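So the structure is just underneath, and the comments pick up after that.
The numbers here are math on the coordinates, done by the rules we state, and not lab data. Treat the numbers as computed from the prediction; the structure is a model and nothing was measured. Backbone-built Cβ (ideal geometry, glycine too); neighbour counts: all protein chains shown.
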Amino acid sequence: MKIAFTAPMKPLDHPVPSGDRTMGRLIVKALESNGHDVRIASTFRSWRKEAVEAVQRDARREALAEADRIALDWETSGYRPDLFLTYHLYHKAPDWIGPVLSDRFGLPYTVVEASRAPKRQTGDWAFGFAAADHALKRADAVAAIHNADVACLRPVVDPERLQVLLPFLDAAPFQAVADSARLPASVPLKLIAVGMMREGDKQRSFEVLAEALEKLPRLPWQLTLIGDGPARDRILALFPPDKTTWLGALPPTRLPDQYAAHDLLVWPAIREAFGLALLEAQASGTGVIAGDTFGVPDIVRDGETGFLSPEGDAGAFAANLKRVIEDPGLADRLGHAAQVHIAENHTLTAGAARLEELMRRAIENHRQRALNS
């Protein structure tokens, strides 16, 4: 199948790494692993930081011009995809391109990772919210990336078009290291946190982690921090230097070894959609202590592959940490269960199968819509 792909939130060639960019690339890789011919239709980024209608209208004008350019290119070259797939849209990053091209060429239109915040229906983001809703109503199939988004999508996406497509990863590099290099938990327990060091929710996650660790000063633990960014100095100052090692931002190829060399991933996950690091750590045979946020409970089995605490609750987070630090063997049990859990539910193969079901649904719904029009 020929698939036209776009990612209005963050194009796949964006220079700044993030979980969003990685997930977009994984979707393309999963589709290609099933033999599909995926073409990046556009790298146009509709995301805007400013909650100003004039700015959003300018983005719409640029997007429609881009859609015209793509249409001319397709018509000139004779290219015609079988389906248009958009990854990640919401009120700050609507998709104006996919619906226009899908209508113009009579294509099934599919959205993966749709999120919707009803409170943005009015106010400064109302224009972008309405545009995102228009795309969702036009879509032949819509996938939420976790169950927490489903309730907000139901008012505009009927059940026949809506499904949950749980996140996945290319687990092979992480599983290989876990199988060959993983050692039993040790004392002091080796903790790892992986995240971008920027203001906002990421910094808040580090702050909650630091607050939790402050409650455990006499227990044996060592922490490794991986990440970098504009808030680096403020974040590093939160942690005791004698118990903390900072490695900076590492390339993805070095992460499997780091996860496998540690006993627990610790991440409060403030406002986190799901947290790619939580998948990576578990694939490496590393259990997690995390915040019970949005899609986190969809990928971490509380009490089996890790322990979850209420979002932002440093005391509850510390209690979960204390439980494992005082019983290092528990870290091994969590890690083993985590590796099995990822192998059974969140591999590239599992993701490819879920994408196939989504596209099958989109094609059938598109066919029915055409018959009824």
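Below is a table of values for the structure above.
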{"item": "For region 1-152, radius of gyration divided by Kirkwood radius, i.e. Rg to Rh on alpha-carbons", "result": "0.95"}
{"item": "Rounded D (µm²/s) - region 153-263, Kirkwood Rh over Cα pairs, Stokes-Einstein at 20 °C, 1.002 mPa s", "result": "131 µm²/s"}
{"item": "Alpha-carbon centroid distance for the pair region 169-239 / region 336-351, whole angstrom", "result": "22 Å"}
{"item": "Mean separation of Cα contacts under 8 Å, 6 or more apart, over the residue count of region 172-345: relative contact order %", "result": "27 percent"}
{"item": "Qualifying GluC sites (Glu not before Pro) in region 286-373, DSSP loop, other Cβ atoms within 10 Å at most 12", "result": "Glu326"}
{"item": "Neighbour-limited loop hits for GluC sites (Glu not before Pro), region 161-244 (at most 13 other Cβ within 10 Å; DSSP other than H, G, I, E, B)", "result": "Glu199"}
{"item": "Cβ-placed point charges (K, R +1; D, E -1), dipole of region 1-109 about Cα centre in debye, nearest 20", "result": "260 debye"}
{"item": "Most mobile of Tyr87, Tyr109, Tyr79 in a GNM of the chain (Cα contacts under 10 Å)", "result": "Tyr79"}
{"item": "About the Cα centre, charge dipole magnitude for region 296-339 (Lys/Arg +1, Asp/Glu -1 at Cβ), debye", "result": "100 debye"}
{"item": "Calculated from backbone phi, Karplus (6.51, -1.76, 1.60) coupling profile of region 137-147 in Hz, x at Gly/Pro", "result": "5, 6, 4, 7, 7, 10, 10, 7, 8, 7, 5"}
{"item": "Computed Kirkwood radius, in angstrom, where 1/r is averaged over Cα pairs of region 273-373", "result": "15.3 Å"}
{"item": "Residue of Gly275, Gly287, Gly315 that the Gaussian network model of the chain assigns the largest fluctuation, springs spanning Cα pairs under 10 Å", "result": "Gly315"}
{"item": "Gap separating the Cα centres of region 251-327 and region 92-167, nearest whole Å", "result": "29 Å"}
{"item": "Semi-axes of the equivalent ellipsoid for region 172-345, Cα gyration tensor, largest first, Å", "result": "21, 17, 17"}
{"item": "Share antiparallel - DSSP beta bridges, the chain, percent rounded to 5", "result": "0 percent"}
{"item": "Nonlocal amide H pairs with Ala117, under 5 Å, H built at 1.01 Å", "result": "His91"}
{"item": "Karplus-derived 3J(HN,Hα), 6.51/-1.76/1.60, for each residue of region 360-373, Hz, glycine and proline x", "result": "4, 5, 4, 5, 5, 5, 5, 5, 5, 5, 5, 5, 8, 7"}
{"item": "Low-density loop cleavage sites - trypsin sites (Lys or Arg not before Pro) in region 1-90, where at most 12 other Cβ are within 10 Å (DSSP)", "result": "Lys49"}
{"item": "Those lysines that a straight Cα-Cα span of less than 24 Å connects to Lys243, excepting residues fewer than 8 apart in one chain", "result": "Lys190, Lys202, Lys215, Lys322"}
{"item": "Nonlocal amide H pairs with Arg154, under 5 Å, H built at 1.01 Å", "result": "none"}
{"item": "Counting DSSP beta bridges with both ends in region 1-153, the antiparallel % (nearest 5)", "result": "5 percent"}
{"item": "GNM result for the chain, Cα springs below 10 Å: residue of Phe127, Phe44, Phe105 fluctuating most strongly", "result": "Phe105"}
{"item": "Burial ordering of Ser102, Ser42, fewest other beta-carbon atoms within 10 Å first", "result": "Ser42, Ser102"}
{"item": "Percentage, to the nearest whole number, of Cα pairs in region 40-96 over 19 Å apart", "result": "34 percent"}
{"item": "For the chain, projected area of the alpha-carbon convex hull averaged over all directions, nm²", "result": "18.5 nm²"}
{"item": "Taking Thr347, Thr122, Thr86 and counting other C-beta atoms within 10 Å, the order from fewest to most", "result": "Thr122, Thr347, Thr86"}
{"item": "Built amide H within the under 5 Å cut-off of Gly287, gap 5+", "result": "Leu265, Gly335"}
{"item": "Net dipole in debye of region 172-345 [+1 Lys, Arg Cβ; -1 Asp, Glu Cβ; about Cα centre; nearest 20]", "result": "360 debye"}
{"item": "Relative contact order %, the chain, counting alpha carbon pairs below 8 Å whose residues are six or more apart", "result": "16 percent"}
